1. Positive end of the charge dipole of the range 616-716 (Lys, Arg +1 and Asp, Glu -1 on Cβ, about the Cα centre): tell me which of 665, 640, 626 has its Cα farthest that way.
2. Applying 1/(1 + (r/R0)^6) with R0 = 35 Å to the Cβ-Cβ distance of residue 219 and residue 100, what FRET efficiency is obtained, to the nearest 0.05?
3. Work out how much length residue 767 to residue 449 would gain on full extension: take 0.36 nm times their residue separation and subtract the Cα-Cα distance, in nm to one decimal.
4. Provide the packing ranking of 636-646, 762-772, 183-193, i.e. peptides ordered by the mean count of other C-beta atoms within 10 Å per residue, highest first.
5. Calculate the spin-label point distance for residue 670 paired with residue 803, positioning each point 7 Å from the Cα along the beta-carbon direction, and give it in nanometres.
6. If you take the beta carbon distance between residue 406 and residue 825 as r and set R0 to 35 Å, what does 1/(1 + (r/R0)^6) give as a FRET efficiency, to the nearest 0.05?
7. Rounded, prolate or oblate: pick one for the range 359-451, where a ≥ b ≥ c are the square roots of the eigenvalues of its C-alpha gyration tensor, a/c under 1.5 means rounded, and failing that, prolate if a/b is larger than b/c, else oblate.
8. Classify the range 678-738 as rounded, prolate or oblate, taking a ≥ b ≥ c as the square roots of the eigenvalues of its Cα gyration tensor: rounded when a/c is under 1.5, otherwise prolate if a/b is larger than b/c and oblate if not.
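The values are calculated or read from the model by the stated rules, or taken from the named source; none is laboratory data. Here the structure is a predicted model, which means the values were calculated and not measured. Neighbour counts are summed over all protein chains in view; Cβ atoms, including those assigned to glycine, are modelled from backbone coordinates with ideal geometry. Surface areas here come from the heavy atoms of the whole protein model, side chains and all, with no ligands, DNA or RNA. Shrake-Rupley method; radii C 1.70, N 1.55, O 1.52, S 1.80 Å.
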Amino acid sequence: MTIVPGTRLGPYEIVARIGAGGMGEVWRARDTRLDRSVAIKIVPPELAQRFEREAKTISQLNHPHICVLHDVGENYLVMELLDGETLADRVAKGPLPLADAIRYGIQIAGALDRAHHAGIVHRDLKPGNIMITKTGAKLLDFGLAKNIASAVTVDGPTVQKDLTAEGTIVGTFQYMAPEQLEGADADARTDIFALGAVLYEMVTGRRAFMGKTRTSLIAAIVAGTPAPIREAQPLAPSALDHVITTCIEKDPDKRWQSARDVANELTWIAGAATEPGAVRKASRVWPIIAVVLALLAIGEAVKLLLDRAAPQAQQALSILPPRGQGFEGAVVIAPDGRSVAFAAYGDGGFSIWVRRLGESTATKIATVERYVQLFWSPDSKRLGYLNAGKIMIVPASGGQPDVIATYGGYGVGAAWSRRGQILFAPKFGEGLYRVAATGDEPVRVTSLDTRRGETLHGHPVFLDDGERFLYLVHTTGEARNEIWAASIGGGERKRILDADALEGVWNGWLLAVRNGALFAQRFDAKTLAVSGEPRKIADDVFYDEGRCTAFTSVSDDGAIVYRPWQSVAYDFGWYDDSGRLLQKLFTQEAANGNFELAPDDSAVALEVSDRRKGAKDIVVRDLSRGVVTRITSGLANNIQLAWAPDRSRIFYSSDRNGLFDIYAQSDDGMSVAQPVWTGGDDKYPCSVSPDGKTLLAFRMTAKTREDLWIVPLDGGAPRPWIVTPESEIQARFSPDGTWAAYSSNRSGRWEVYVAPFPDGRSIQVSTEGGSGPVWNRDASRLFYGNGRTIYAVTVKRNGKTAEIGASVAISTSPQSLRDCVRSMTAERFLCETVADPRDTVRVANYLKGW
């Protein structure tokens, strides 16, 4: 079909030709239904199907700096008609003013971030695909090149569309990342490379990578280093040079890991540039920027304290974890304020990271088995952590960790004194112990007062003399915690005040958490007494009653690092065996990641977090009517769910009496909780047998960690089932109740096992890591996860033996996937995905001038 002015494409009347490119012609047109002007791209027939599929995805994006896609025809796309010029045309006139370059950079990065969170990568970001309008920058052709990316090779050019002039303009490889040139799959970091090249060009007026021939151009991209932007723009701040340089790192892992990182960096630079005398103060600001770089471990710019001589307004900026990771516990700032350490979880494993002054990336210094407690040496040169019953110390620069001592437990806080003593809490149900940082046998320092119902002495904080310390006392889940003082050498202990959590002592102030707020109160270390009214520091801290901490730390110079409360929303939906979304069901605010599907698929029970009490409760949501019923309440934690097969009861753990015991309750919220297994160590339900007579649960002990137990539901005494020196959790009965699957780390990493019930030898199922096993309806297949991949394996049972097939990956889940459970009524999963996957930590100078 020949397109000329006057041609009708559905309701659209062609007016005039705007431009053309290898991927189609662009025309101005009029929408006769709405009487508005639009831009229409005519797509070549061989690309029409691909463009239509991609366009349907892009049309869901809603962002002020992404060109709106209005409609899709048989061989054309209908887009917002923009009034302006391409960035390519603008840069051809010379470099942009710094303020404009930064402003457009923030807008472009924000648009990329929105698309990346929707799983869309642009793959062809360059000045020709960015329009400059009265309202700012607009991204064009967003994601439409996705399905033809593999056709772009070093032997063929990309196409740059000029939407303001006639003709075809053939582009180059200037904005392609090295991995694109090598044929690797593009991801968000590929767009970030291109964004860096675009930023460089806006600021300097010249391209970051140039060459006289195609070969020399590719060599420049793969191995060359552009001249610093300050050669062309002497007034450009050094921080902007750092932002751009990190964008165009050759190794994707060394770049900013999200477009939001870049947007926040540029926003911070823009704010600094608007301060009075900003240029005159540049020589004083650079040391501050250097400290900022030390805290970029988690991906976003952070400000540390400025010179304490001049009190300033309170400031706080957020930081993000590394790409593909989420925070797992505290982010701890070193005493000297020059490094941060944090634990992260991602791709099925836990790890410890440190970021130091002058480094452009965080360093992973250890891979660990599970959740850890972190603490710094007084000189900030070493990092200690409690993990899987061991006290470990590792150089902050990385290296082989040393085992200082072993203990029975999982760790509930530790501190390192200037006298070389480490004070730590091994677990709930224990007091505090000390051990020399050079290694020795732990020695008890405090004992629980069982007459007061104490269940924990944890999260110690040394005072300056290195002899006395503060610590948190926990009694029951229904009582407020307390802060007490004691001495390494023993003697009388003293109660200081009530609080949910103890977070530090700094310069005559005691930092604590109460009702979701971080506050400070005057504290005399000599008399061990507080005075005056508490001063609120932050009202949005994330307090976790289950761990009795708000994940906060303070440096010697007063910088505070804490995790803000985030009521993250989670999307729930049905997925098929290939990981394809079949039906979105609902979105749940403040979900905690643990949920269980009712046996008949009619409802789902979830853990939800309460901000103020810092604890978790259980709610049940009816999937057909959307009615939500709260099952538990009070100040206690109520977690770890298991349904009875007839839906008559929900089993869960609660710490209402101190340690976690197992209770049962109807799912209508009208009955009183009935104790099932109480007393002794922490206990958690896993699965109820199909006949409803037996509960599988795991119990945590100091000697053998987590073990699987059989709990008769007719009133009989619980008895051990699988006990090893390592851990066994996540047990699931098969649908006929004759076998059970579970996870264990007995081999040195988490793997999935099956065993006949109630007796018989265990058989290992996974071989390359796995956890969270679930059966299908007839127990012929078993599903489990490893990182973001779901595997299926056939299980052919014959009495007390079984033949295990090869594990087959059935889907690679999106990064935002949290968990899946298998339906027992249909071949499908109920999966939970993070609606907004960002996890943040805040670094603040709230103590400035105190």
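1. Sorting the options by dipole projection puts first 626.
2. The formula returns an efficiency of 0.65 here.
3. Here the segment from residue 767 to residue 449 would lengthen by 109.9 nm.
4. Highest mean packing first, the order is 636-646, 183-193, 762-772.
5. 5.2
6. Taking R0 as 35 Å, the efficiency between residue 406 and residue 825 is 0.15.
7. prolate
8. oblate
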